[in-house]
1. Hey, rough spin-label estimate for residue 69 and residue 110, points 7 angstrom out along Cα→Cβ, what's it come to in nanometres?
2. Work out, step by step, the length gained on full extension between residue 51 and residue 77: first 0.36 nm times the residue separation, then minus their alpha carbon distance; give nm to one decimal.
3. Dipole of region 19-115, Cα-centred, from +1 at each Lys and Arg C-beta and -1 at each Asp and Glu C-beta, to the nearest 20 debye?
4. On average, how much accessible surface per residue is there in region 19-115, in Å², for a 1.4 Å probe, leaving out ligands, DNA and RNA?
5. Take the solvent-accessible surface of the protein heavy atoms, probe 1.4 Å, and return the percent of it on region 20-79 that carbon and sulfur atoms account for.
6. Ranked highest first by average number of other Cβ atoms within 10 Å, how do 25-36, 43-54, 66-77 line up?
7. With a cap of 12 neighbouring Cβ atoms within 10 Å, and only residues DSSP puts in a loop, list the GluC sites (Glu not before Pro) found in region 62-108.
Amino acid sequence: MTTPADIAGAITRRVEKHLYDVQGDMDADGLEILARLRATGVACASVCMDRETYDAYAQFGTTLSADGSPIPRREPKEGLCLTDEEAALYRVLCTGALPNPRVEQERIPMAQAIARL
């Protein structure tokens, strides 16, 4: 079981490296936000924004945007500041190759995110 001391230690190590962790919604918009943050020069790593996490929590995903309208398919943008794994997930989320184009970050248990630090 993860203790508060474990969490504090993990966060301290990341801050000392000037590396920031980002956990956003697993959707095209969330990955574009991550890419824009990196493009500004902020050194950051995504947390639980990968295909393994998507597959584990896809059942909690949605096809609807925050306003209740269907999430449209779209052409993936090129040249984003994403890792190869993030870019692959981004492409399939954009194109509708996955059943739920959005898994909200609130659906991922905090313990899962902390374990990734």
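The values are calculated or read from the model by the stated rules, or taken from the named source; none is laboratory data. Here the structure is a predicted model, which is why all the values come from computation and not from measurement. Cβ placement follows ideal geometry from the backbone for every residue including glycine, while neighbour counts extend to all protein chains displayed. Note: accessible area is taken over every heavy atom of the protein model, side chains too, but ligands, DNA and RNA are not part of it. Shrake-Rupley method; radii C 1.70, N 1.55, O 1.52, S 1.80 Å.
1. Each label point lies 7 Å from its Cα, and together they span 3.4 nm.
2. Stretched out fully, the residue 51 to residue 77 stretch lengthens by 7.5 nm.
3. Here the size comes out at about 180 debye.
4. Details: 5390 Å² over 97 residues.
Using a 1.4 Å probe on heavy atoms only, each residue of region 19-115 averages 56 Å².
5. 53
6. Those peptides, ordered most packed to least, come out 25-36, 43-54, 66-77.
7. Those satisfying the criteria are 78.
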